[in-house]
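Working notes for the structure below.
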Amino acid sequence: MKYFKHICKPFLTKEKAIIVFIIFLLLNLSLFVVYKNSLYSREGYNTVYPNAGIELFYYIHIIGINPYHFICMLLLLPNIVSCDFLTMYLSHTHYSIELRISKKTYYILTFLINIVMTFLIVLLLELAILLIIHLFYSPIIFNTTEYPQYYHAITSLIFTDEIKNLIAFLLMTSFGYGLVSALLFSIQYFITNPYVYRCSGVIIGILLVLLPALIQGYFPNPDNIFILQINNLVCLGLEGVRDNPFHLDHSLVYILSALIYMIVSYIGFSYMYKGRCQHD
């Protein structure tokens, strides 16, 4: 346990709190912009349509329409643990920790800490945005609207009960960003400039949105590439533009995509670890 505290300490700083707070402000700015440019801002809309608050929360996560929330989160991910880990490696300040525990244990624990911290921070940010919508934009009220049979109801994609659906969405989205953060952690072997690496989340994230759509024509079955799209982890089913890959339900699409990201991240992490062992 004492070694665990030594590993966590460099990542729990005032500077980290400032970064998270700045991202929180940017998320609020993006929420305001999306709200003002949507029908949810029309006078009396939330009175006529009580589900407006909860729908607005899901609406800001739709990458194809409102990429701002997504971009803010991607700006945050490399700056939670990964960039500090890279900086420590370049400055050789990690040696004191490696003297106490093995290099492999240190790397594995940091890799896992990155996922856990990302999950917790993203979850807290999502809950804060939900509270702000409830207090300042439109009240969060559940199960007040009966949708037509084939209507794409974004408030009940995973569970028909909107409360259960919201809980599942918050947990799955936060863990999805955790897996994306793990992927970003594993590619730092190829991006050794900390300043470039801090912004790498946005570039990688946008590529993981666009590439499957751009290269789908080169595959006999486009579902083989769309299962890799980052949307499956961070805005599951909200866009409703096309059918789910392999016609699976939303939960199975999430599980399959999550497994793929886990495997790819671990392969990248193993490659990074072996590479650094050779050069240290």
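The values are calculated or read from the model by the stated rules, or taken from the named source; none is laboratory data. All of these numbers come straight from a predicted model, not from anything done at the bench. Reconstructed Cβ throughout: ideal geometry from the backbone, glycine too, with neighbour counts over all protein chains shown. Heavy atoms of the whole protein, side chains included, go into the accessibility calculation; ligands, DNA and RNA do not. Shrake-Rupley method; radii C 1.70, N 1.55, O 1.52, S 1.80 Å.
Please go through the stretch 35-132 and write out the GluC sites (Glu not before Pro) that DSSP classes as loop and that have at most 15 other C-beta atoms within 10 Å. Filter output for the stretch 35-132: GLU43.
Subtracting the Cα-Cα distance of SER41 and TYR266 from their residue separation scaled by 0.36 nm leaves 76.6 nm. For LEU135, the solvent-accessible surface with a 1.4 Å probe is about 110 Å², rounded to the nearest 10. Take the Cβ atoms of LYS103 and ILE206, set R0 to 35 Å, and the FRET efficiency comes out at 0.55. Taking every alpha-carbon pair in the stretch 40-192 and binning the separations at 10 Å intervals from zero gives 10, 32, 27, 16, 11, 4, 0 percent.
Only Lys, Arg, Asp and Glu carry charge here, each on its Cβ (+1 for the first two, -1 for the last two); on that basis the chain has a dipole of about 1200 debye about its Cα centre. A crude spin-label estimate for the pair LEU124 and LEU12, with each label 7 Å from Cα along the Cβ direction, gives 1.1 nm. The length gained on full extension between LEU29 and LEU228, counted as 0.36 nm times the residue separation minus their Cα-Cα distance, comes to 68.7 nm. May I ask for the angle, rounded to the nearest 10°, between helix 250-279 and the longest principal axis of the chain, with both axes built from Cα atoms and the value confined to 0 to 90°? Helix 250-279 sits roughly 20 degrees off the main axis of the chain.
Projecting label points 7 angstrom from Cα along Cα→Cβ for LYS274 and PHE190 puts them 1.6 nm apart. Taking the Cβ of ASN232 as the center, what net charge do the other residues with Cβ under 14 Å away carry, scoring Lys and Arg +1 and Asp and Glu -1? Value of the local net charge: -3. With the largest listed first and rounded to whole Å, the semi-axes of the equivalent ellipsoid of the stretch 149-210 from the Cα gyration tensor are 34, 13, 8. Placing ASP249, ASP84 in order of accessible area, with the largest value first and a 1.4 Å probe, yields ASP249, ASP84.
Given their separation in residues at 0.36 nm each and the Cα-Cα distance between them, ARG242 and TYR95 gain 48.0 nm when the chain is fully extended. Relative to the first principal axis of the alpha-carbon coordinates of the chain, what is the inclination of helix 103-132, with its axis defined by its Cα atoms, in degrees from 0 to 90 and to the nearest 10? The angle comes out at about 20 degrees.
Which FRET efficiency, nearest 0.05, do PHE21 and LEU252 yield, Cβ-Cβ r, R0 30 Å? Efficiency, rounded to the nearest 0.05: 0.20. Counting lysine pairs in the stretch 1-143 whose alpha carbons fall under 25 angstrom apart, excluding pairs fewer than 8 residues apart on the same chain, gives 11. The aspartates and glutamates whose alpha-carbon is closer than 16 Å to the alpha-carbon of LYS274, local same-chain residues fewer than 8 away aside, are GLU98. In terms of accessible area, using a 1.4 Å probe and ignoring ligands and nucleic acids, HIS279, HIS61 rank largest first as HIS279, HIS61. Computed across the chain, the Kirkwood hydrodynamic radius from all distinct Cα-Cα pairs reaches 20.1 Å. May I ask which residue of SER251, SER30, TYR197 lies farthest towards the positive end of the charge dipole of the chain, with charges of +1 (Lys, Arg) and -1 (Asp, Glu) on Cβ and the Cα centre as origin? It is TYR197, whose Cα lies furthest towards the positive end. Extending 7 Å from Cα along the Cβ direction at VAL116 and again at ILE215 yields two label points whose distance is 3.5 nm.
The per residue volume of the convex hull around the alpha-carbon atoms of the stretch 1-117 is 133 Å³.
With R₀ fixed at 22 Å, the C-beta to C-beta distance from ILE132 to LYS164 puts the FRET efficiency at about 0.45.
Here the accessible area is traced with a 1.4 Å probe on the protein chains. For the stretch 54-109, carbon and sulfur cover 66 percent of it.
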